[in-house]
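The values are calculated or read from the model by the stated rules, or taken from the named source; none is laboratory data. Keep in mind that this is a model prediction, so the values were computed, not measured. Positions of Cβ are generated from backbone atoms using ideal geometry, with glycine treated the same way; all protein chains shown enter the neighbour counts. What goes into the accessible areas is simple: the full protein's heavy atoms, side chains included, and nothing from ligands, DNA or RNA. Shrake-Rupley method; radii C 1.70, N 1.55, O 1.52, S 1.80 Å.
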Amino acid sequence: MAEAYRDLIVFNGEVDDALSRGKPVVALESTIITHGMPFPKNVETARRVEADIRAEGAIPATIALMDGKIRVGLDDAELDRLARAESVMKCSRADLTFALSTGCFGATTVAATMMAAHLAGLKVFATGGIGGVHKGAEQSFDVSADLDELGRTPVCVVSAGAKALLDIPKTLEVLETRGVPVIAFGTEELPAFWSRASGLKAPYSLNSPAEIGALLKMRDRFPDHGGVLVANPVPEDAEIPQEEMARYIDTALGQAEKNGVRGKEVTPYVLGAILDLTNGRSLETNIALVRNNARLAARIAAELV
Ligand code: PSU
Ligand code: MN
């Protein structure tokens, strides 16, 4: 870990031990817990995801901001506190230092989790979906800071692709401009979060954690390179097909528009609306894909130790 940040980062015992012994560690974000899923499914999922990572022989490190510190690895009581909390700040790059300087409780997005993971010396991070270019961004300018972070911070993000509520072709364009390799895992097609299909060919495709590990080691030799995005399709038995999902997304985006939802509220609002429209099925899909990503991330992390 960079010496200058030593007083800002608090590792839990298990993560500290794993790092000093050179065991694989997988970073996890906390916004998915506080803003991505309702209680108590959020904490149940967080626990299952941590168990999935352990079952693959790696150690989970959920990242959050508490009392002016970047916490790397939360114990069970802390996960529970985060999952129940009513007012947790959703922290992306713009918010991370604000949350630290004011000492407020903060959940980290993909962007802020990448920042924290990198400072803490973690190279692999599992999540559900990344933020991207929103539909209508030519009017709203709504482009997630996750894309810039992928362009600058050398962490491998294992996702299920980008949600189809985003403009996926524009999201791919920005990632290419920022120099981010996008790797579909075990398929040629870019997955679209709840659906295995997006109708778009992925820029690259790899079929094993070892091949992804080799790419990450090569990236490491170029210190100014940023992250790598792995897009791992949701397991078949849990997916919601693309055509069906498109209807729910259109309705949810219409509701967000009608209610004047803007900025960082958009993603949580639309996820909530889709949860209602699918009678909770989208949540089961979300849980299955996060667990699937956690297992793959653990296997990639094992390639790097
Ligand atoms: N995907 C989910 N649930 C979430 C998010 C993504 O299924 O809560 C979060 C992630 O933390 C991601 C963030 O980094 O939404 C993107 O938000 P924005 O578009 O405001 O950058
Ligand atoms: Mn946004």
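Where a ≥ b ≥ c are the square roots of the eigenvalues of the C-alpha gyration tensor, would you call the chain rounded, which needs a/c under 1.5, or, failing that, prolate if a/b is larger than b/c, or oblate? Verdict is rounded for the chain. Here the 3J(HN,Hα) profile of region 283-299, calculated from phi with Karplus coefficients 6.51, -1.76 and 1.60 at θ = phi - 60°, is 5, 4, 5, 4, 5, 4, 6, 5, 5, 4, 5, 4, 5, 5, 4, 4, 6 Hz, Gly and Pro shown as x.
Of the cross-linked pairs 41/135; 163/201; 90/258; 41/123; 170/201; 163/258, which ones have a Cα-Cα span greater than 18 Å in the structure shown?
On the way: 41/135 28 Å; 163/201 15 Å; 90/258 23 Å; 41/123 27 Å; 170/201 14 Å; 163/258 21 Å.
The pairs that break the limit, which is 18 Å between Cα atoms, are 41/135; 90/258; 41/123; 163/258.
With a 10 Å radius around each residue's Cβ, average the other Cβ atoms per peptide and rank 187-194, 22-29, highest first.
Details: 187-194: 22.5, 22-29: 24.5.
So the peptides 187-194, 22-29, ranked by packing, come out 22-29, 187-194.
Converting phi to 3J(HN,Hα) with the Karplus coefficients 6.51, -1.76 and 1.60 and the offset θ = phi - 60°, region 99-104 yields 4, 5, 6, 9, x, 7 Hz in sequence order, with x at every glycine or proline. Normalised per residue, the accessible area of region 67-193 is 37 Å², obtained with a 1.4 Å probe and no contribution from ligands, DNA or RNA. Over the chain, dividing the summed -39,500 (n - 2.57) contributions of all DSSP H runs of at least 4 residues by the number of residues returns a 222 nm mean residue ellipticity of -14500 deg cm²/dmol.
Distant-in-sequence amide contacts of residue 59, defined by a placed amide H-H separation under 5 Å and a gap of 5 or more residues or a different chain, comprise 25, 26. 3J(HN,Hα) along region 193-205, derived from phi through the Karplus expression 6.51 cos²θ - 1.76 cosθ + 1.60 where θ = phi - 60°, amounts to 6, 5, 10, 6, 9, 10, x, 10, 6, 6, x, 9, 9 Hz, with x in place of Gly and Pro. Taking amide hydrogens as placed 1.01 Å from N in the peptide plane, the amide H of residue 85 sits under 5 Å from that of no residue at least 5 positions away in sequence or on another chain.
Rounded to whole Å, the principal axis extents of the Cα atoms in region 201-305 read 48, 34, 25, largest first.
Amide H to amide H, with H built 1.01 Å from N, residue 183 comes under 5 Å of 229, 230, 231, counting only residues 5 or more places away or on other chains. Round to a whole number: what % of the accessible area of region 3-303 belongs to carbon and sulfur, probe 1.4 Å? Here carbon and sulfur together make up 50 percent of the probe-accessible area.
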